[in-house]
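*Asks:* Let me give you the structure first, and then I'll get to my questions.
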Amino acid sequence: MSNEKQTIHDFDINIIYEYFSNTERQGPGNTEETLKALSFITGLTEKSKIADIGCGTGGQAMTLGQNTPCEIIGIDVWQDFIHKFNQNSINQNLQDRVKGIVGNMKNLPFQEEELDLIWSEGSIYNIGFERGLNEWRKFLKIGGYIAVTENTWFRDERPDEIQEFWQKAYSEIDTIPNKIAQMQNAGYLSIATYMLPEAIWTDYYTKQALNLNSFLENHKGNKTAAEFASSQRHEADLYNKYKKYYGYMFYIGKRIK
Ligand code: SAH
């Protein structure tokens, strides 16, 4: 397999974990954007329950914990991320309300209509946008909210190089109107849709680059690690070249049926 054709999905999870273990977030996003999305959600009280699905080490869950009075359950399939999540929660004195558990987004451990808000930044692609929206809806109360970020085409026509890259990496990447239609068809009223700033992705790649030398040093001679780092660099180069064609969007919806 050539480097150019490899995506994050082709690599050993241990390598991916190690690569991302020193960054506050494991996907594109920041506190300011999390707070902006949160500003669209009304009615949260100390009785409300939020699930952060594919929470990683808790980048956004800690922000939600500091800025709402709610109980927050972070779910991630990767035990080491959950361990770090719970350490972060203790460090910020949020451990009574913000807890991480190991679980799979394809089989969530919630009751029907248990949740007031589902949050998922940089993660829903693991189940697929449409499937995630449809399968997770039943866990929300009627009138409850969902806030997710998703990689999206900004234009109807794309150069072959970037079209083929994302087709292979995440074939569900789609245009804004199609994503909104999927949200509405899954039983949500679309409340807000907006683009995350370019800096979201450039910061994400810059932080990775800062950790790169120590990562490569730790894995000297390990071909998979070198290839993974190279695939991430390739993705960053493509982003710089083609950023007017795609990027991350926030989609916020309200369960209406
Ligand atoms: N939301 C975090 C992490 C984004 S990276 C942030 O923005 O920083 C995507 C996360 O999804 C990773 O932590 C990965 O372990 C998790 N993940 C991948 N497949 C999953 C699944 N099937 N169920 C739950 N989590 C999953």
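The values are calculated or read from the model by the stated rules, or taken from the named source; none is laboratory data. None of the values given here were measured: they were computed from a predicted structure. We place every Cβ from the backbone using ideal geometry, glycine too, and count neighbours over all the protein chains shown. Ligands, DNA and RNA are excluded from the accessible area calculation, which covers all protein heavy atoms including side chains. Shrake-Rupley method; radii C 1.70, N 1.55, O 1.52, S 1.80 Å.
*Asks:* Report, in whole Å, the centroid distance computed from the Cα atoms of region 54-114 and region 143-176.
*Replies:* Between the Cα centre of region 54-114 and that of region 143-176, the gap is 26 Å.
*Asks:* While we're looking at this one, here's another question. For region 18-115, compute the orientation-averaged projected area of the C-alpha convex hull (one quarter of its surface), in nm².
*Replies:* That works out to 6.4 nm², a quarter of the Cα hull's surface.
*Asks:* Explain nothing, just the number: relative contact order of region 136-226, from Cα pairs under 8 Å at least 6 residues apart, as a whole percent.
*Replies:* Relative contact order of region 136-226: 20 percent.
*Asks:* If you average 1/r across every pair of different Cα atoms in the chain and take the reciprocal, what Kirkwood value do you get, in Å?
*Replies:* Result for the chain, one decimal place: 18.8 Å.
*Asks:* Give me the dipole magnitude in Debye, nearest 20, for region 141-257 about the Cα centre, with unit charges on the beta carbon: positive for Lys and Arg, negative for Asp and Glu.
*Replies:* 500 debye
*Asks:* Per q in 0.17 1/Å, what log10 I(q)/I(0) does a Debye calculation on the alpha-carbon atoms of region 58-122 return?
*Replies:* -0.56
*Asks:* Test of understanding: express the Cα radius of gyration of region 124-257 as a ratio to 2.2 N^0.38 Å, with N the residue count.
*Replies:* Rounded to two decimals, the normalised Rg is 1.23.
*Asks:* Moving on. Given Cα pairs under 8 Å that are at least 6 residues apart, what percent is the relative contact order of the chain?
*Replies:* Dividing the mean separation by the residue count of the chain yields 24 percent.
*Asks:* Quickly work out the Gln111-to-His83 label distance, labels modelled 7 Å from Cα along the C-beta direction, and quote it in nm with one decimal.
*Replies:* It works out to 3.3 nm between the two label points.
*Asks:* Then there's this: Can you list residues whose amide H is under 5 Å from Ile72's amide H, if they're 5+ apart or on another chain and H is modeled 1.01 Å from N?
*Replies:* Those lying under 5 Å, H to H, from Ile72 are Ile50, Val98, Lys99.
*Asks:* Between the DSSP loop rule and a limit of at most 16 other Cβ atoms within 10 Å, which trypsin sites (Lys or Arg not before Pro) in region 23-64 are left?
*Replies:* Answer by residue number: Lys47.
*Asks:* For the chain, set up a GNM with springs between Cα atoms under 10 Å and report which of Thr23, Thr42, Thr193 has the largest fluctuation.
*Replies:* Most flexible of the set in this elastic network: Thr42.
*Asks:* Which residue, Lys244, Lys223, Lys84, tops the fluctuation ranking in a GNM of the chain built on C-alpha contacts under 10 Å?
*Replies:* Evaluated over the chain, the most mobile residue of the options is Lys223.
*Asks:* Roughly to the nearest percent, how much of the accessible area of region 1-154 is carbon and sulfur, given a 1.4 Å probe?
*Replies:* Carbon and sulfur: 44 percent of the exposed surface of region 1-154.
*Asks:* Note the full-extension length gain between Thr45 and Lys257 as 0.36 nm times their separation in residues minus their Cα-Cα distance, in nm to one decimal. Mind showing how you got there, number by number?
*Replies:* Values: separation 212, 0.36 × 212 = 76.32 nm, distance 2.23 nm.
Taking Thr45 through Lys257 to full extension adds about 74.1 nm, to one decimal.
*Asks:* Please get the size of the charge dipole for the chain, origin at its Cα centre, with Cβ charges of +1 on Lys and Arg and -1 on Asp and Glu, quoted in debye to the nearest 20.
*Replies:* Working: 27 positive and 34 negative charges, 95 e Å.
With Lys and Arg at +1 and Asp and Glu at -1, about 460 debye.
*Asks:* State the answer as a single residue: which of Ile176, Ser214, Asn126 lies farthest towards the positive end of the charge dipole of the chain, with beta carbon charges of +1 for Lys and Arg and -1 for Asp and Glu, about the Cα centre.
*Replies:* Ile176
*Asks:* Any idea of the accessible area per residue across region 178-257, 1.4 Å probe, to the nearest Å²?
*Replies:* 48 Å²
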